[in-house]
Every structure is written in C-alpha cells, then in structure tokens.
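Trainee: Pasting a structure here, questions to come.
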Amino acid sequence: MSTTSTQKLTLQVAGREQPLEVAVGSCAFDWFEDYPDLPKDAVAIRLDGKVIDLKRPVEAGEQVEFLDWADPAGREVYYHSCTHLMAQAVMELFPDAKPTIGPPIEEGYFYDFDVPKPFTPDDLAKIEKRMRKKAEQRIPVERFEMPRLDAIGLFKKEGNPYKVEVLEELEDDTVSFYKQAEFTDLCRGPHIPHTGYLKHFKLLNSAGAYWRGDEHNPMLQRIYGTAAPSKEALEAYLHKLEEAKERDHRKLGRELDLFSIHEEAGPGLVFWHPKGARVRNIIENFWRTEHYRRGYELVYGPHVQRENLFRQSGHLENYKENMYAPMEIDGSNYYAKPMNCPGHILIYKNQLHSYRELPIRYAELGTVYRYERSGVLHGLLRVRGFTQDDAHIFCRPDQLEAEIQGVIDLADYMMRAFGFDYKLSLATRPEKSIGSDEVWDFSIAALRKVLEGLGRPFEVEDGGGAFYGPKIDVKLVDALGRDWQGPTFQLDFNLPERFDVDYIDSDGDKKRVVMIHRTVLGSMERFMGNLLEHYKGAFPMWLAPVQVKVMTITDDSLDYARQVRQRLLAADVRVELDDRNEKIGYKIREAEAQKIPVMLVVGKKEASDNLVSVRERGRVDVGTMSLQEAIEYVQSKAAAPAPDTV
RNA sequence: GCCAACGUAGCUCAGCCGGUAGAGCAACGGUUUCGUAAACCGUAGGUCGAGGGUUCGAGUCCCUCCGUUGGCUCCA
C-alpha cells in the first residue's frame, strides 16, 4: 500500500517522538506493518478525538491515539465487541430471538433479547461455549453503512420493532452496521477487527429486563457478561466479586449477630440485636451531640398521624402508592408516617415566629414506613421501615446560603468521622415544576455558590431536581470504591405554600419561609449496612459493639480475669469475658471472627503481677503491659472523632 | 410488581433416574486446665418454607402462595 504515488498523511502519536507517515485511505491496521513499535494490542484508535475502528480508512487527521485495555474507551470497544460475539452466538442457537440493544457497561456488557422463553443457566453455558468457538475462528468484523430509512424498512421486514424504534429516534441520514459471519447488527461501533481479539470472557447471569426499563413495555431477557484482556485479569475480576460477597452486610450482620429480618414479622422490617443496637446507639449519640452543637433542636413526632395531615401535605395525592394502608380509629383514618416533614411543620406552626428567631432547625431520628415493591428490598439497604436522621431548616431567603454551607460542613464532618470519601452533585429544575423562575434561579445560584466555594469537583444534573425544589446529593464512596446514596439537601417550595409556613418580617409583614429538608446519614438502617460493608465488619474502636475481650488461659486465672473486666467496665470500656474452659487459641480464633479490636489474654504470669497480654485484631501481639496501661491504651483508641468545626 | 434461580438442623451445605434425611461447625453432657486463629469422646436436634395435587410411595414431579437472591433508565 505504500506506493510512491499515493498521497501521504502525517499523524502525531501521543507519546511517540516521530510522527507517522501513512497513506491517505489506509487504516490503522495497515500501519502496524510499517511501524512495528505501535501497540499491537490496541483495539481501536482515537483520531482527533473520535474513536474509530482499526480497519476504518483514514482520509484526514492530525492526532492519533492507540486505545487498548488501559484506556476506558478501548475497554468499551472490547466489551462492546464481546457483547456482539454473545449476540452472534445467541442468534445461532436461538434463531427466534430478536436482538435489541447491547451496550458496554461499567465492568462488562449486556445484551437484551426478545425471546419466546427465558434463558436457563444451561443456555448460558451453551452460549458461552459457542462464543469461544466463534472467537477461535477469528471471524472478521466488517463495517458498512446504509441510509437510515432503508434500515428501518429492513427491520420492519424482519419484524424487529425494537431496532425500528431505535432507528426512528436517530437523526442521522446514514447509519452503520457491523457484520460478523451471518450476524449483522445495527451499531455505532467501533469494533475490533476480528473475533480473535476476544479471548477471556465469561457470561455472568441472565435476568428479565423491560424494554427501555419501563414496566409498561415488554419484558426482554438480558444476559450479563464480562471480559478481560488476560486470564489473570478475568480471574482477578471474578475474585473481586467473591470479595464483595465476603463484605456483604447481610452475611456480616448474621455472623456478628447485629440484626435480623423475619418472614414472620414482614419483609423489609429490621430487628436490631443487642450488638447492632449498641453500634446504632453510639452513632445516634454522636449524631445528637453534633446536632445540638450546631444549633439544631431535636424533636419527636408520633408514628401514626391523621389522614388530613397527609392530604394537606400532598402525600396522599402524590405518594400514596408508597404509603401503608390506613387504619381506622374512632371514625377517622390514620397513616403510618412516610415522612417527618408534616410533623415538623406542625411544630413550627404551633406559634408565630419572628424573623429574629430564624433559622429554626428541627432534627429528628424519625422512624418512617414506606411501601417498597417486594422486588427491590435488599438487606438493610432497601427496607420498608427505617429511621431517618432527618431535619428541616426554616430560614429566611437571605440565610439560605449560610444554611446550605452549614449542612455541607456537617455532612463533610460526618463522612470523615465514619471514614467515607464522597462525591457531590447539584440537581436543577426539572421540566415539570412549581414555583417562580425567580425563586428557582435564586436558590440554584445559592447552592451553586456554596458548592463552588468548596474547591471540590461537583456534577450538575440538569433537570434532576424534584418538582418542588433543587437539591444537592452526596454520594459516599466506600472502601471498595462503590458509590452509595448519602446525605441529601433538598429545597422545598411546595410544603411552605401548602401549610402557609410563615414568619413575621422586620416590616411586620408575613413572609413565606424557605424550607430545607436534609439528612446526613440517610437512615440508620442503610447507613449501618454501608458501614458494615465499608469496614468489612471490623468496626473502629469507637464504634465496635465489643471493644475488648478478656480471655483466660486456664480457670486458675478466672478471679483475676473478672477483676480485669470490672476495671474495664468501670472505665466505660465495652468489654466481655470469655471464661469458658477452652484453649486460648480457640478463644482467639472466635474473637477474631467476631472482629473484636482488642483481646486481653490473662494467665498465671499476668495474674501474679497485675498485667495483661494485649493482642490486637489481625494477629498483632502488642505485648504485655500493666492493667492500668492497657486501660489507657484502650481509651486512647476509643474516643469518637473530635469535632473540628462548629 | 415483573423475569429467573433458590428455600433441607442455629450456620454452611450434601441428598442420583421418586423408596420415607446426612456431614461439618455451633448447642448440650463429660473428659481435659492447656500460653496467641479449631483438644477429645458422647448426646440431642429436622411436620425438608406453607398449602394443595400426581403416585402404592414425594425433600425429590406438578400447581398456588410466602420468603430470599440477582436483574428490570448505563439510548444502535
């Protein structure tokens, strides 16, 4: 192809000193011959910012990058091609199937098929086997184009309404297809040059999935899979999945005897065992102290409230499908509360408030009940009864910015106290919303200003707010790098209107209050689940339900061991004594399994000299010290994180 | 709610083509009194999630229900 008459193109390669001299109309795949140093494991190139196939002829351009697995875009190509390989295998094995969409996702890919019968686990094995065969055959993947209208006609003839729908939504006149052997799919690409690139992949599971995620649409069958550039990387990924199972809060909750959920009592309803309740109490006490310190007032509201209240708040109108059915008492209906806000408004409205009193901040560890669809319940993370760390701030417009600043400071402090990193996002006005432009613009500007002042990146979700106000979401990032819904701060332009929530301003006029809903931990249940997975059940000292386990070598030192326990109890240490007639290795094994941070071993030697042998969780033998020293050692590690800002 | 898989002793799991339930750990009773992740011997423990059906016979097959798990907005 490098004949002298062809026109040349000069391309700069990132990280390569010499530019490439290539023929106009040649493709990246050809360049490997002339430039052996180019990365042969690349799966696509980025030409002036656009990701294209290795086999796509290049007519013009300046900058080129070779994309391999290390590049997110390269990884997408790999996943995407792998899902095409899967679709090819499925279409060969199940000719009745209609392919729909199959994108790459975070750590793999899926493909949705409309099939007469759902796939069985056996089917997945067969599909994967066929994929392997297809990969070995190194089938060329060819790209071609077609006018969009022709493509619509084609799929209409084929009887595939899904592809037709996708095509009808596109705006381009021409669309691209990729063909490998008999399998052809409408696809934007790019793709690998041939199926031999795909060597290490695995199908993970299949599940029903509604077309476009809408339950009014037909249910398709989705197959999830993953892939990796090497056997080791694939195994590492599968190992990571196993690791995540080890951290599962449901497993840890059972093993550490923290909580349980019972069919007899109802799905999604949590029982906190003594040890779980202890951790929860520590968190709640920490939370209460911090709230008083920051000028919140703590309140309590009843768990059931009259129908009229929820009619006025609009919950019965807009939220009824999430509410438990009413109970009739003395001729009127009562509902289990799904939210705490109406109650806090009643407290606020119990008297008139001067502008001088604001802001008023009511906080409550408020237990609410919400009907969640059975399919979405999940351990502690999605339940039907839970205790929110809720608060409502009533303030003047000129206080909004400072109040938002205050809740962000509080959230930041809490997240750091519990060891979480976090990400921020701002959700702005959606299409369907209430309130004037002026109020929305003012509020969003205030939220944005506070966020910008943090010097931290934040995302903006345009139109992601609720109909009644914009919000800031905080996502916590746990030890495995997973995101969880954490604190949220939500402005509300609706409830103050519905309830006439006012204050008397300096000019003597009634003015409408600005209302902020906010939570920093979310709910005690979900937060406990997040904490458990984050720490893998190994709580830091200040949260550990049992901080110290005293254990005897033989019964001879029992009396002394009881004294040790008494001394620790007197020093407010959460301590248990293992006085069973068992070998020390057995006791340690059990204490390790229970993830108790400190073990104090006492035998004859210690008893005679008022000593204890200290062992820390995770095979760390700290050595022998006096009982008094040990108490100080434990106390030094047991303090709650100090408040650094008020 | 929908799709699929699963539900056997407190826990983890075995139980083939239907013949009437088994292991390890935990519990309990003994023996042992022992220095940093499992001492030994023994005992007890199950209406096999619930209900119905098929069958001479069901943990195993079928149906209904309950629960659990994974998935159901990541636009060719």
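Here, each number is a calculation from the coordinates, and none is a lab measurement. Note that the coordinates shown come from a computational prediction; the quantities given were computed from them, not determined experimentally. In this analysis, Cβ positions are derived from the backbone assuming ideal geometry, glycine residues included, and neighbour counts consider all displayed protein chains.
Trainee: Where does the Debye-calculated log10 I(q)/I(0) of region A:439-573 sit at q = 0.10, 0.18, 0.21 Å⁻¹, using only Cα point scatterers of equal weight, no solvent?
Mentor: -0.60, -1.10, -1.25
Trainee: Here is a further query. Residue by residue through region A:398-412, what is 3J(HN,Hα) from phi via Karplus (6.51 cos²θ - 1.76 cosθ + 1.60, θ = phi - 60°)? Round to whole Hz and write x for glycine and proline.
Mentor: Karplus values, whole Hz, x for Gly and Pro: 6, 9, 4, 4, 5, 5, 5, 4, x, 6, 5, 4, 4, 4, 4.
Trainee: Using only alpha-carbon positions, what ratio does the radius of gyration of region A:395-487 give when scaled by 2.2 N^0.38 Å?
Mentor: Dividing the Cα Rg of region A:395-487 by 2.2 N^0.38 Å gives 1.12.
Trainee: Quick check on the exposure proxy: order A:Met625, A:Met515, A:Met86 from fewest to most C-beta atoms within 10 angstrom.
Mentor: A:Met625, A:Met515, A:Met86
Trainee: Shifting gears a bit: Over 27 Å between Cα atoms: which of A:Lys536/A:Lys604; A:Lys320/A:Lys349; A:Lys40/A:Lys199 fall into that group?
Mentor: A:Lys536/A:Lys604
Trainee: On average, how much area does the Cα convex hull of region A:546-626 cover when viewed from any direction, in nm²?
Mentor: Values: hull surface 18.2 nm².
The orientation-averaged projected area of the Cα hull of region A:546-626 comes to 4.6 nm².
Trainee: Along the Cα-to-Cβ line of A:Asp398, 7 Å from the Cα, sits a label point; which residues in region A:340-371 have backbone N less than 11 Å from it?
Mentor: A:356
Trainee: Further question on the same structure: If you take the beta carbon distance between A:Glu158 and A:Glu17 as r and set R0 to 51 Å, what does 1/(1 + (r/R0)^6) give as a FRET efficiency, to the nearest 0.05?
Mentor: So the FRET efficiency works out to roughly 0.50.
Trainee: Which whole-number percent is the relative contact order of region A:188-234 (Cα, under 8 Å, 6+ apart)?
Mentor: That works out to 40 percent.
Trainee: Provide, for q = 0.28 Å⁻¹, the log10 of I(q)/I(0) from a solvent-free Debye sum over equal Cα point scatterers in region A:46-90.
Mentor: The Debye formula, applied to the Cα set alone, gives -1.01.
Trainee: List the residues, sorted by chain then number, that are 5 or more residues from A:Val622 or on another chain and whose placed amide H is less than 5 Å from its amide H.
Mentor: A:Val614, A:Arg615, A:Glu616
Trainee: Place a point 7 Å from the Cα of A:Asn281 along the Cα-to-Cβ direction; which residues of region A:559-578 have their backbone N under 20 Å from it?
Mentor: It comes to A:565-578, nothing else.
Trainee: Further question on the same structure: Restricting things to alpha carbons, tell me how big region A:1-83 is in terms of Rg and Dmax, in Å.
Mentor: 12.5, 41
Trainee: Still on this structure: Hey, got a sec? Which chymotrypsin sites (Phe, Trp or Tyr not before Pro) in region A:246-290 land in a DSSP loop and have at most 12 other Cβ atoms within 10 Å?
Mentor: none
Trainee: Taking a spot 7 Å from the Cα of A:Glu307 along the direction of its beta carbon, which residues of region A:332-351 have an amide N less than 12 Å from it?
Mentor: A:332-335
Trainee: So, one more: Which aspartates and glutamates does A:Lys98 reach when only Cα atoms under 12 Å apart count, and residues fewer than 8 places away in its own chain are ignored?
Mentor: Here the aspartates and glutamates satisfying the reach criterion relative to A:Lys98 are A:Asp112, A:Asp114, A:Glu158, A:Asp185.
Trainee: Here's something else I'd like to know. Which FRET efficiency value, to the nearest 0.05, do you get for A:Ala640 and A:Arg188 by plugging their Cβ-Cβ distance into 1/(1 + (r/R0)^6) with R0 = 35 Å? List each step's numbers first, then the result.
Mentor: Details: r = 53 Å, r/R0 = 1.51.
Approximately 0.10, to the nearest 0.05.
Trainee: Could I ask something else about it? Assuming 0.36 nm per residue, please report the length gained on full extension of the stretch A:Asp505 to A:Lys40 beyond their Cα-Cα distance.
Mentor: Taking A:Asp505 through A:Lys40 to full extension adds about 160.2 nm, to one decimal.
Trainee: Set the Förster distance to 41 Å, then compute FRET efficiency between A:Arg143 and A:Asp214 from the Cβ-Cβ distance, nearest 0.05.
Mentor: Numbers: r = 31 Å, r/R0 = 0.76.
After rounding, the FRET efficiency stands at 0.85.
Trainee: Please report how far the C-alpha centroid of region A:343-401 lies from that of region A:76-110, rounded to the nearest whole angstrom.
Mentor: 45
Trainee: What pairs from A:Lys129/A:Lys245; A:Lys126/A:Lys202; A:Lys202/A:Lys231 go past 18 Å between their alpha carbons? Write out the running numbers ahead of the final one.
Mentor: Working: A:Lys129/A:Lys245 27 Å; A:Lys126/A:Lys202 12 Å; A:Lys202/A:Lys231 11 Å.
Distance filter (> 18 Å) returns A:Lys129/A:Lys245.
Trainee: Where the convex hull is taken over the Cα atoms of region A:230-275, what is its projected area averaged over directions, in nm²?
Mentor: Values: hull surface 16.6 nm².
Mean orientational projected area (region A:230-275, Cα hull): 4.2 nm².
Trainee: Above 26 Å lies some portion of the pair distances; for region A:295-434, what is it as a whole percent of all C-alpha pairs?
Mentor: Tail of the P(r) past 26 Å holds 39 percent of the pairs.
Trainee: Let me ask something additional. Once you have the Cα-Cα distance between A:Leu346 and A:Asn610, take 0.36 nm times their residue separation minus that, and quote the gain in nm to one decimal.
Mentor: Once the chain is fully extended between A:Leu346 and A:Asn610, it gains 89.1 nm.
Trainee: Using the Kirkwood radius over Cα pairs, work out the Stokes-Einstein diffusion coefficient for chain A at 20 °C and 1.002 mPa s, in µm²/s as a whole number. Present the calculation step by step, with values, prior to reporting the outcome.
Mentor: Numbers: Rh = 29.8 Å.
Estimated diffusion coefficient is 72 µm²/s.
Trainee: Okay, next question. Let me have the 222 nm mean residue ellipticity of chain A computed from DSSP H runs of 4+ only, each contributing -39500 (n - 2.57), with the sum over all residues rounded to the nearest 500.
Mentor: Result for chain A: -10500 deg cm²/dmol, rounded to the nearest 500.
Trainee: Tell me, in nm to one decimal, what length is gained between A:Glu263 and A:Asp173 on full extension, where the rule is 0.36 nm per residue of separation less the Cα-Cα distance?
Mentor: 26.8 nm
Trainee: Name the longest site-free stretch of chain A, where the excluded sites are GluC sites (Glu not before Pro) in a DSSP loop with no more than 11 other beta-carbon atoms within 10 Å.
Mentor: A:432-646
Trainee: Using alpha carbons only, how many degrees (0 to 90, rounded to 10) separate the axis of helix A:524-535 from the longest principal axis of chain A?
Mentor: Taking Cα atoms only, the helix is inclined about 70 degrees.
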